[in-house]
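K.L.:
Next up is a structure, given as structure tokens.
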Amino acid sequence: MIICIGNALVDSLEQIEESKINELNLNKARMTLVEKDRSNFLLSNMNNPVYEAGGSAANTAYWISQLGGEAGFIGKISNDDLGEQFQSSLKDSGLKDLTVFEDADNQTGLCAIFITPDGERTMNTYLGAGEHLSVEDLDNDELEKAEIVYMEGYLWDKPSSKDAFLKAAKHNKETGGKNAISLSDVFCVDLHRDSFIEFIKNDIDYVFCNEDELNSLFQSDSTNSSIQYFIENFHNVEQLICTLGPEGVLILANDEEYSFRATDTIVKDKTGAGDFFAAGYLYGLQKKLSINESAEIANKSAAYVISEIGVRPKKTF
């Protein structure tokens, strides 16, 4: 099984005109953490939002299961309507539900996502209960069964969640599993650069990122320089999987570089592109497929999700 650990969120999505970005003072094409009042304000400016269970790692777990893989999700929710909606989504998707309830009076996390005509998604996340994940919330019995534990960088902000990551990674390694991390967003890397580097060097087998996140990690303006630095300094990492937008993906594995073009598609909403890409590649790892085969599934998965609005596409894959 692949166990994905991350923020349990319900997404609220709406298409807007470009002018709304400035009107609502949004940080375009980025993920911004917001307080509850700001979240409610943004929701009040959505006319007809679409609600879907989301969160980066949860999206990845969902798509692994839809591809035919075995996956579970660990995250924290509240005992409210949003939490019930989130759990129902996990069940309907065939995932192993390892969510836990927050005791405090927090609502389940919510992400207000605004989609502009160019397909860019601007995310505003109120973490709610999700940010309170702790070591005590981990299911050690399930972690012992995991082939891969996949962790999203978004959850690295809180000390308790960071401790949960460190514990899960250590426990998984001790029982023969592999660890993977997504760097998630440039803002995450900027905030946690040193601890990310230490964690990757000590505990991670597979690193998922895009080129902006990789360059931010090493404070470089050149992707080629970042790749070279990674090769020279991260010998313990089995694979670096770095997406390059329309240019596809660059993979470092076995001291070799592999490049694959992106799958052509009409972009309607970039929400979930990295999540579905990671799911496709992780599915390939679980099924012991080649790097070429895994990259093909990953690229097709990313193209699939960005061709529709939202992260639960309806058309046939």
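The values are calculated or read from the model by the stated rules, or taken from the named source; none is laboratory data. The structure displayed is predicted, hence computed values, not measured ones. Neighbour counts run over all protein chains shown; Cβ positions are idealised from the backbone, glycine included.
K.L.:
How many residues are part of a strand (DSSP E or B), of a type in the set (A, V, I, L, M) and within 15 Å of the chain's Cα centre (by Cα) if we restrict to the range 114-147?
P.N.:
Summing the residues that are part of a strand (DSSP E or B), of a type in the set (A, V, I, L, M) and within 15 Å of the chain's Cα centre (by Cα) in the range 114-147 gives 1.
K.L.:
So which pairs qualify, if the first residue must be in the range 230-247 and among the polar types (S, T, N, Q), the second must be loosely packed, with under 14 Cβ neighbours inside 10 Å, the Cβ gap must be under 9 Å, and the two must be at least 6 apart or on different chains?
P.N.:
N233/K201; N236/K201; N236/N202; Q239/N254
K.L.:
For the range 78-119, give me each residue that is in contact (Cβ under 8 Å) with a residue 24 or more places away in the chain, in contact with a Phe, Trp or Tyr (Cβ under 9 Å, 6 or more places away or on another chain) and farther than 30 Å from K287 by Cβ.
P.N.:
S78, L82, G83, Q85, Q107, T108, G109, L110, C111, A112
Residues checked against (1) surrounded by fewer than 21 Cβ atoms within 10 Å (Cβ to Cβ); (2) of a type in the set (A, V, I, L, M, F, W, C):
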position: G54; (1), (2): no, no
position: A58; (1), (2): no, yes
position: A61; (1), (2): no, yes
position: E70; (1), (2): yes, no
position: F73; (1), (2): no, yes
position: I77; (1), (2): no, yes
position: E84; (1), (2): yes, no
position: D92; (1), (2): yes, no
position: L95; (1), (2): no, yes
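K.L.:
Looking at L252, L282, L214, which is the one that is part of a strand (DSSP E or B), modelled with pLDDT of 95 or more and crowded, with 18+ Cβ neighbours inside 10 Å?
P.N.:
Testing whether each residue is part of a strand (DSSP E or B), modelled with pLDDT of 95 or more and crowded, with 18+ Cβ neighbours inside 10 Å leaves just L252.
K.L.:
Which one of S65, S93 is touching a helix residue (DSSP H, G or I) at 6+ places or on another chain (Cβ under 7 Å) and of a type in the set (S, T, Y)?
P.N.:
S93
K.L.:
Scan the range 172-183 and tell me whether some residue there is assigned to a helix (DSSP H, G or I) and surrounded by 16 or more Cβ atoms within 10 Å (Cβ to Cβ).
P.N.:
Scanning the range 172-183 turns up at least one residue that is assigned to a helix (DSSP H, G or I) and surrounded by 16 or more Cβ atoms within 10 Å (Cβ to Cβ).
K.L.:
Output the helices (runs of 4 or more DSSP H) that fall wholly within the range 1-84 and possess 2 or more residues being closer than 30 Å to V135 by Cβ and of a type in the set (A, V, I, L, M, F, W, C), or say none.
P.N.:
Those helices (runs of 4 or more DSSP H) span 56-67.
K.L.:
Then there's this: Specify which of the listed residues (I241, I251, I227) is over 17 Å from the mean Cα position of the chain (by Cα), among the β-branched types (V, I, T) and under 23 Å from G6 (Cβ atoms).
P.N.:
Among I241, I251, I227, only I251 is over 17 Å from the mean Cα position of the chain (by Cα), among the β-branched types (V, I, T) and under 23 Å from G6 (Cβ atoms).
K.L.:
Quick check on the range 295-311. Is at least one of its residues buried (at least 24 other Cβ atoms within 10 Å of the Cβ) and not in a helix (DSSP H, G or I)?
P.N.:
Yes, the range 295-311 has at least one match.
K.L.:
I'm trying to understand the selection: among the residues of the range 218-237, which are loosely packed, with under 15 Cβ neighbours inside 10 Å and either under 16 Å from R193 (Cα atoms) or among the acidic types (D, E) (or both)?
P.N.:
Hits for the range 218-237 are Q219, D221, E232, N233.
K.L.:
Could you list, in sequence order, all residues of the range 240-249 that are modelled with pLDDT of 95 or more and either over 13 Å from N292 (Cα atoms) or among the aromatic types (F, W, Y) (or both)?
P.N.:
L240, C242, T243
K.L.:
If you don't mind, another one. Within the range 184-211, restricting attention to residues that are among the charged types (D, E, K, R) and under 21 Å from Y281 (Cβ atoms), which residue is surrounded by the most Cβ atoms within 10 Å (Cβ to Cβ)? Step through it out loud before you land on a result.
P.N.:
The first filter runs over the range 184-211 and keeps only residues among the charged types (D, E, K, R), leaving 185, 190, 193-194, 198, 201, 203, 205, 211.
Of the ones still in play, those that are also under 21 Å from Y281 (Cβ atoms) are 185, 203, 205, 211.
Details: D185: 23, D203: 19, D205: 20, E211: 19.
Among them, the one singled out is D185.
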